[in-house]
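Asks: The structure's right below; bear with me while I get my questions together.
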């Protein structure tokens, strides 16, 4: 293959697989926030905190040119529905149905429990939804309808009392994009705010325009949105601190090279910093994909063409493994956000692979389906966070609260053990609290 050099092996993760195309940096490494972005976001959040709704209105005008109402009222929701073609509304409803049904199945997979651990000692678990969820829905060049469905539907199914959606309002759209308004309303949003960027995240966190500060903020966004969520984490819960979208395909000699290349390019169009990786046991497939991807990327319309070309050039990788076991090891090591398998024996891959945001099994199951309409949530961990975390799901909006209750006899059985452990740890106050429940040591007074 003229012009192709064997790529380096990432030193922090040694592996014998050969990289036929290698990115310039460690593709799985987490990158910290840009100091300039961090400082700017910090300043904006403070402005929102101290300036309140008036300052947010100014920022909406400054960043998005919007000086209209921030809260999308019932009339605006009805108008948005009228503006949309029936086919668009049908497609949104189709995707919503799948996302909702999957979220309901997740909710039903966990239950409240009660167990008697010892005579007279009963403990249990309650499932309590958070009171208020803030769902951020990006809307730059395009309307991210799927993001509205993924976040709002999931929080609604979880039973969140107040679901507040926020998406940029712009004068050229007459406010929030009508497709986002329709999707958020269909999915169960109680309030829709016409706000984007840091001012939206700050407003959700501080309860501006609603009087209900969010307990958790979810949804993707640009670098400033991600940094605002990171800085507010602790004051509010968040889903993930999302980096650039990442996709990996693992394939063997049964895979079709054109399909593999199309799917890689489809994910590379997310942005110029979105890595796409191929791991394969077939050198022939690797060669074909290396030839196809640049051509397919250049065939996209702008601005997707520029994004895909740059993403492949700067972040694309092709790795040839000697066996499927080695290929699986590479996949788990990268822990990609999206992992698609185009190989024989899909059950083996499903039971073997363990580090990924979401798994797409078979050539028919393109990541596009998961991104838009299949059902499982598309808000997923990046930057190797899939080693320890999954994606957004119903449980993120549910608190698993434990409780316990004892009879006097059960307390007396616990008391001497808890007292001894307390004294072993140097916590005399704890020990005395146990002592007064120990029938054998109670103070006769």
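Asks: Return yes or no: is residue 359 outside the structural domain of residue 95 (by TED's automatic domain parsing) and either buried (at least 20 other Cβ atoms within 10 Å of the Cβ) or assigned to a strand (DSSP E or B) (or both)? Before you say what the answer is, go through the steps one by one.
Replies: Values: outside the structural domain of residue 95 (by TED's automatic domain parsing): yes; either buried (at least 20 other Cβ atoms within 10 Å of the Cβ) or assigned to a strand (DSSP E or B) (or both): yes.
When the stated conditions are applied, residue 359 passes them.
Table: residues versus (1) surrounded by 15 or more Cβ atoms within 10 Å (Cβ to Cβ); (2) at pLDDT 50 or above; (3) in contact with a strand residue (DSSP E or B) (Cβ under 8 Å, 6 or more places away or on another chain); (4) in a helix (DSSP H, G or I).
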{"site": "13", "(1), (2), (3), (4)": "no, no, no, no"}
{"site": "31", "(1), (2), (3), (4)": "no, yes, no, no"}
{"site": "43", "(1), (2), (3), (4)": "no, yes, no, yes"}
{"site": "49", "(1), (2), (3), (4)": "no, yes, no, yes"}
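Condition check ((1) without any contact (Cβ under 8 Å) to a residue 12 or more places away in the chain; (2) under 21 Å from residue 367 (Cα atoms); (3) outside the structural domain of residue 343 (by TED's automatic domain parsing)) across all residues:
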{"position": "215", "(1), (2), (3)": "no, no, yes"}
{"position": "220", "(1), (2), (3)": "no, yes, yes"}
{"position": "228", "(1), (2), (3)": "no, no, yes"}
{"position": "234", "(1), (2), (3)": "yes, no, yes"}
{"position": "250", "(1), (2), (3)": "no, yes, no"}
{"position": "260", "(1), (2), (3)": "no, yes, no"}
{"position": "293", "(1), (2), (3)": "no, yes, no"}
{"position": "297", "(1), (2), (3)": "no, yes, no"}
{"position": "302", "(1), (2), (3)": "yes, no, no"}
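Asks: If you don't mind, another one. Being in contact with a strand residue (DSSP E or B) (Cβ under 7 Å, 6 or more places away or on another chain) and surrounded by 14 or more Cβ atoms within 10 Å (Cβ to Cβ), is that true of even one residue in region 415-426?
Replies: Step one: filter region 415-426 for residues in contact with a strand residue (DSSP E or B) (Cβ under 7 Å, 6 or more places away or on another chain), giving none.
No - not one qualifying residue is present in region 415-426.
Asks: Considering each of 429, 370 in turn, give the residue that is part of a helix (DSSP H, G or I) and closer than 19 Å to residue 276 by Cα. Step through it out loud before you land on a result.
Replies: Numbers: 429 fails: closer than 19 Å to residue 276 by Cα.
When all the criteria are applied, what remains is 370.
Asks: Of the residues 218, 240, 260, only one is touching a helix residue (DSSP H, G or I) at 6+ places or on another chain (Cβ under 6 Å) and closer than 20 Å to residue 379 by Cβ; which?
Replies: Working: 240 fails: touching a helix residue (DSSP H, G or I) at 6+ places or on another chain (Cβ under 6 Å); 260 fails: closer than 20 Å to residue 379 by Cβ.
Selected residue: 218, the only one of 218, 240, 260 that is touching a helix residue (DSSP H, G or I) at 6+ places or on another chain (Cβ under 6 Å) and closer than 20 Å to residue 379 by Cβ.
Asks: Only one residue in 170, 126 is touching a helix residue (DSSP H, G or I) at 6+ places or on another chain (Cβ under 6 Å) and more than 23 Å from residue 391 (Cβ to Cβ). Which one? Spell out how you get there, then give the answer.
Replies: Details: 126 fails: touching a helix residue (DSSP H, G or I) at 6+ places or on another chain (Cβ under 6 Å).
Checking each option against the conditions leaves just 170.
Asks: Now, a different point. So, in region 395-430, how many residues would count as being farther than 30 Å from residue 160 by Cα and touching a helix residue (DSSP H, G or I) at 6+ places or on another chain (Cβ under 6 Å)?
Replies: Going residue by residue through region 395-430, those that are farther than 30 Å from residue 160 by Cα are 406-430.
Next, from what is left, pick out any that are touching a helix residue (DSSP H, G or I) at 6+ places or on another chain (Cβ under 6 Å): 415, 418-419, 422-423, 430.
The qualifying residues number 6.
Asks: Please enumerate the residues belonging to region 77-90 that are under 29 Å from the mean Cα position of the chain (by Cα) and touching a residue at least 40 places away in the same chain (Cβ under 8 Å).
Replies: Residues of region 77-90 that are under 29 Å from the mean Cα position of the chain (by Cα), as a first pass: 77, 80-81, 84, 87-90.
If the condition is that a residue be under 29 Å from the mean Cα position of the chain (by Cα) and touching a residue at least 40 places away in the same chain (Cβ under 8 Å), then 77, 80, 81, 84, 88, 89 are the ones that fit.
Asks: Please enumerate the residues belonging to region 91-121 that are assigned to a strand (DSSP E or B) and either in contact (Cβ under 8 Å) with a residue 60 or more places away in the chain or under 22 Å from the mean Cα position of the chain (by Cα) (or both). Break it down stepwise before answering.
Replies: Going residue by residue through region 91-121, those that are assigned to a strand (DSSP E or B) are 113-118, 121.
Within region 91-121, 118, 121 meet the criteria.
The values are calculated or read from the model by the stated rules, or taken from the named source; none is laboratory data. These numbers were taken from a predicted model, which means no experiment stands behind them. FYI the Cβ positions are ideal-geometry reconstructions off the backbone, even for glycines, and counts take in every protein chain you see.
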